[in-house]
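As structure tokens, the structure follows; a few thoughts come after it.
Coordinate-derived values only; no laboratory data. Predicted model, so just to flag it, every value in this text is computed and none were measured. Glycine gets a Cβ as well: all are built from the backbone with ideal geometry, and neighbour counts include every protein chain shown.
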Amino acid sequence: MNFLSKLLESMQRDHYESILVTHPENRAYLSNFNGTSGWLLITAEQAFLITDFRYYEQAALQAPNFELIRQSESLDKTLKELLILRNVSQIGFEQDNLTYAQAISLMSQNPQCVFIPLTGYIESLRMVKTTEELAKMQAATDISERTFLHILDFIHAGLSEREVALEMELFMREQGADGLAFEIIAASGPRASLPHGQPTERILQNGDFFTLDYGAKYQGYCSDMTRTMVIGAASEEQEKVYRIVLDAHMQALAAVKPGILGKDLDQIARSVITEAGYGEYFGHGLGHGVGRNVHEAPSCGKAGNTVLLPGHVITIEPGIYIPQWGGVRIEDMVVVTETGYRNFNHTSKALICL
């Protein structure tokens, strides 16, 4: 079953006459069209892709299952004409992807339609990955892992965080990545306490923790991994904190299976860190879903109420972040299977001292 068929099944079950898709990743998921401008109108009988002159030829190649509609003055006006032509009286829309002004404008232009706000409707379909999607995510992870092995030979005291990040991005693209899954996090020394520390001109020094969190994008799908290392020799305290994070990571990883809630995995890791006396320094959720977006459902944080199912892809990334001292995060990406999980990552998680 293709992704459009999955959506049509859901629409029939939930009695939706039509759905307007404006979220770029949802549009690409359903149609394979990855241009930067366009809307989908999905009805029980037909699927339409509205785009402008710049992307019309591209859309014809990428979305053969959609009827192409050339945008006139604007997407809004073209949609209005299409809704009248198709006699559409009810339409679901992605309320989290339209501004309040855009939603009000669409409703006022189309008084003949009942507009139904939807949240996470298509995203819920995206949670369970197909074999083809998993293969693309494995390819993205393989690029990330090769990048890690490459960068270990590149890093040394005297380089800046920014120089390391630039080398990583160049290498990932040389390895076949379409681009970055997200901006590389490269935080060293005291800055390693910043969970999302962007690379700066700070120079790596002996004794620094150095956290690298990054991912590749391959054929529309993301990878996400984190490794923390020490420049030079590790101190006793650094080794202790690293062991605690690794223990939390491994215990949570071992518990991944169908039927468990995301928040229960979070609690397993959080308990390890809290019992070791560092609970106040683990301030984010254990993990998140990954797919076309690097952050998507299901959540594996404190509020992760989704029951994990085979085909869900999640990260396991506990951390300890001590202000003015540094921090550690270790992250793998896994897919839930019928019996447990499969890890996309294979590189060592032992503390590396460079």
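Here the Karplus relation 6.51 cos²θ - 1.76 cosθ + 1.60, evaluated at θ = phi - 60°, turns the backbone of the range 340-354 into coupling constants of x, 7, 10, 8, 6, 8, 9, 6, 4, 10, 5, 5, 9, 10, 9 Hz, with x for every Gly and Pro. For the range 236-323, the spread of Cα positions along the three principal axes, ordered from largest to smallest, is 40, 23, 19 Å.
Here r is the Cβ-Cβ distance between residue 152 and residue 201 and R0 is 22 Å; the resulting FRET efficiency, rounded to 0.05, is 0.50.
Across the chain, the relative contact order, built from alpha-carbon pairs under 8 Å that are at least six residues apart, equals 14 percent.
Of 52, 142, 14, which is the most mobile in a GNM of the chain whose springs link Cα atoms less than 10 angstrom apart? Largest GNM mean-square fluctuation: 14. Each of residue 342 and residue 107 was given a label point 7 Å from its Cα along the Cα-to-Cβ line. The distance between the two points is 4.5 nm. Computed from backbone phi, the HN-Hα couplings of the range 270-278 come to 5, 5, 4, 6, 5, 5, 7, x, 10 Hz, rounded to whole numbers (Karplus: 6.51 cos²θ - 1.76 cosθ + 1.60, θ = phi - 60°; Gly and Pro given as x). Near residue 155, once Lys and Arg are set to +1 and Asp and Glu to -1 for all other residues with Cβ below 14 Å from its Cβ, the sum equals -2.
Please give the FRET efficiency for residue 14 paired with residue 194, using the beta carbon to beta carbon distance and R0 = 35 Å, rounded to the nearest 0.05. My answer for the efficiency is 0.25.
Running a GNM on the chain with Cα contacts under 10 Å, which residue among 321, 16, 214 ends up with the highest mean-square fluctuation? Its mean-square fluctuation being the largest, the pick is 16. Taking amide H atoms as placed 1.01 Å from N in the peptide plane, the amide H of residue 68 lies under 5 Å from those of 49, each 5 or more residues away in sequence or on another chain. Positive contributions from Lys and Arg (+1) and negative ones from Asp and Glu (-1), summed over other residues with Cβ under 14 Å from the Cβ of residue 346, come out at 0.
Between residue 275 and residue 67, the C-beta separation translates, for a Förster distance of 51 Å, into a calculated FRET efficiency of about 0.30.
For the range 145-161, the Karplus equation 6.51 cos²θ - 1.76 cosθ + 1.60, evaluated at θ = phi - 60°, returns couplings of 5, 5, 5, 4, 4, 5, 6, 4, 7, 8, 6, 7, 4, x, 7, 8, 4 Hz by residue, with Gly and Pro reported as x.
Counted by neighbouring Cβ atoms within 10 Å, the residues 116, 244 run from fewest to most as 116, 244.
Note on the chain: Cα-only Rg and Dmax are 22.7, 72 Å.
Quick one: net charge of residue 172's neighbours, Cβ under 12 Å, K/R +1, D/E -1? If you can, show how the numbers build up before the last one.
Numbers: positive: 146, 173, 217; negative: 142, 145, 167, 169, 174, 178.
Its environment carries a net charge of -3.
The H on the amide N of residue 204, modeled in the peptide plane, is under 5 Å from the matching H of 158, 159, 160, 161, each at least 5 residues off or on a different chain. When peptides 324-334, 172-182 are ranked by their average number of other Cβ atoms within 10 Å per residue, the highest-first order is 324-334, 172-182.
Put simply, the amide H of residue 116, placed in the peptide plane, has neighbours under 5 Å in 91, 92, 93, leaving out anything fewer than 5 places away on its chain.
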